[in-house]
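Worksheet: the structure to be examined is printed underneath.
The values are calculated or read from the model by the stated rules, or taken from the named source; none is laboratory data. Only a predicted model underlies this, so the values are computations on that prediction, with no experimental measurement involved. Here the Cβ is made from the backbone with ideal geometry for all residues, glycine too, and neighbour counts use every protein chain on show. Quick note on the areas: whole protein, heavy atoms, side chains included, nothing else; ligands and nucleic acids left out. Shrake-Rupley method; radii C 1.70, N 1.55, O 1.52, S 1.80 Å.
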Amino acid sequence: MMPTFQWTTFDVGGMLPHDWEMDIHKAATGADFRDFPRTPVISREAADVQRIPRGRVHAHQVQQGLPWLHRLYRSSFLELAHRVGAGPVMAARDERYGVVLNVQQGTEMRFECHVDSNSLTALLFFTDHSLNEGGELIIAHDRTAASMAEIDRWCAVLRPQAGHLVFFDGRKNPHYVRPLRSEAHQRIVAVMNYYTKSFPESQRPRELNRHLYGDK
Ligand SMILES: [Fe+2]
């Protein structure tokens, strides 16, 4: 069988401010750590999983604490997004989901099995995780996969490398992030939503904003 998932990586370490590590770790201490309920519409968790523990640095915290990241999302990273997208690419108009950080601390947290609601996702890894340390992004080639076990069956494995910016279309291939294997480790990644002309921001499911932000 042929793989159904592909991605593009840029090493953007040289584009980050010299003290980015200090900024990022400071921002991560303010993460909202809790058991998040499974997300409507886009979740691909097994039926018996109702909550997934993880940390989130929300978009308004990124804007305040990491202004350089917010700027890169709307400027140089957007230019790189143009290179990988087929046609024009737009940053999110709604600041609430433009750029956020996902944070995993210790061995209990992971990121939910899901598909993306936007046509082009960019991940910027801020931490390194070697083989067997956990924290890998796992993406199913089987688009019907609906649990960690089903995603694991036939998948691409992306190991986080600090300074690497990865672009992909995650609308069809379910994916999740494995837990870390050490209590002392922390995984930090920026998640950026981009949109294309053929799949604009207006197609983001309203149910998502109701669930995440209490929109009417
Ligand atoms: Fe995703």
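Can you say whether K172 is within 16 Å of the ligand (Cβ to nearest atom), under 25 Å from G98 (Cα atoms), surrounded by fewer than 17 Cβ atoms within 10 Å (Cβ to Cβ) and of a type in the set (K, R), as far as the supplied structure shows?
yes
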Output for the range 27-46, where each listed residue is among the aliphatic types (A, V, I, L, M) and modelled with pLDDT of 95 or more: A27, A28, A31, A46
Selection from the range 68-125 of residues that are at pLDDT 95 or above, surrounded by fewer than 19 Cβ atoms within 10 Å (Cβ to Cβ), away from the ligand (no atom under 14 Å from the Cβ) and over 17 Å from V166 (Cα atoms): W68, R71, G106, T107, E108
In the range 58-65, is there at least one residue being aliphatic (A, V, I, L, M), under 16 Å from I188 (Cα atoms) and in contact (Cβ under 8 Å) with a residue 24 or more places away in the chain? yes
Working only within the range 130-150, note down all residues that are under 30 Å from K197 (Cβ atoms), more than 15 Å from the chain's Cα centre (by Cα) and not small (G, A, S). H141, D142, R143, T144
Tell me, which residue of the range 178-216 that is within 19 Å of L120 (Cβ to Cβ) and aliphatic (A, V, I, L, M) is surrounded by the most Cβ atoms within 10 Å (Cβ to Cβ)? M192
Could you tell me which of the residues E21, E45 is in contact (Cβ under 8 Å) with a residue 40 or more places away in the chain, among the charged types (D, E, K, R) and either open to solvent by less than 20 Å² (accessible area, probe 1.4 Å) or within 16 Å of V99 (Cα to Cα) (or both)? E45
Looking for something away from the ligand (no atom under 16 Å from the Cβ) and either under 22 Å from R56 (Cβ atoms) or at pLDDT 95 or above (or both) - is there at least one such residue anywhere in the range 189-200? no
